[in-house]
């Protein structure tokens, strides 16, 4: 299987890989933080890896709303293995207003169903042990809470501007919800951090074109500047390590070894970001992709071709 670019052909060049703490935290297993330094120190002591979501990567390009009267929104956006979405009937988007520096992008709920207090949800493709973000509310002086796996942990008070809230749950979780427990305020957020034992470092996105296939935008971000990457495809997810006679030996992949192949290798510009138009064959629909930074051996979250 190869992806064909309208300008050139992305050929397989390698063989198949045979291969704080606030009083009132919910429990000793869960801790809520209102201080980022303490939150990160605890994660480091646990030996987990962190990866950050600033809503700046290519996966978010379709939900940019600099004009408050003309939103570009979506039901959900998946990036770094986390699917962000709003309540049923509402959408998610980004703008500069909710960004911490007013020049980047912050996430917020596009309330199609009419005005109400904001809520946002995240679902992960792996077990994570911590999530945090910087939240700004309107009006100021409101509480914001995080719920993990359906269990309300605790809340923090948000004053003027962005305030930090984070939660660590040593049992692990795969879903979180951020909301105003008083159900009175709208809010937006920026600069989230997740923690897991093996964290994806590269953002990968392939825009949907299935079931018929066709032209699609393939993009990645946070790769090594001027470094090589390899894009892998497999018919199913799984667990396999790259063998010792290949680049990045021992690197754990989230793909099945059965039918695993390299579909593209190339160099990333100095920006660490690249995008290209590819022709996705119909037979690739339903398969799974993962990209490897061959300089650092970091991998992206698994991405389904859909």
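Readers should treat all values here as calculations from the given coordinates under stated rules, not as data from a laboratory. Note that the coordinates shown come from a computational prediction; the quantities given were computed from them, not determined experimentally. Methodologically, a virtual Cβ is constructed for each residue, glycine included, from the backbone with ideal geometry; neighbour enumeration extends over all protein chains shown.
Each part reduced to its alpha carbon centroid, segment 256-283 and segment 148-171 end up 37 Å apart. What percentages, rounded to whole numbers, describe P(r) for segment 199-306 computed over all alpha carbon pairs with 5 Å bin width beginning at zero? Cα pair-distance distribution for segment 199-306, in percent: 2, 13, 24, 25, 19, 12, 4, 0. What does the C-alpha gyration tensor say about the overall shape of segment 108-179? Classify as rounded when a/c is under 1.5, otherwise prolate if a/b is larger than b/c, or oblate. Oblate shape, in that a/c is at least 1.5 and b/c is the bigger or equal ratio. Note down the relative contact order for segment 34-196 as a percent, whole number, built from C-alpha pairs under 8 angstrom at least six residues apart. It comes to 27 percent, rounded to a whole number. What shape does segment 55-139 have by the C-alpha gyration tensor, where a ≥ b ≥ c are the square roots of the eigenvalues, rounded means a/c under 1.5, and otherwise prolate means a/b greater than b/c and oblate the rest? Verdict is rounded for segment 55-139. Share of pairwise Cα-Cα distances greater than 29 Å in segment 34-196 is 11 percent (whole percent). On the basis of the beta-carbon distance and an R0 of 41 Å, residue 198 and residue 115 show a calculated FRET efficiency of 0.50.
Note: the chain, Cα convex hull, 140 Å³ per residue.
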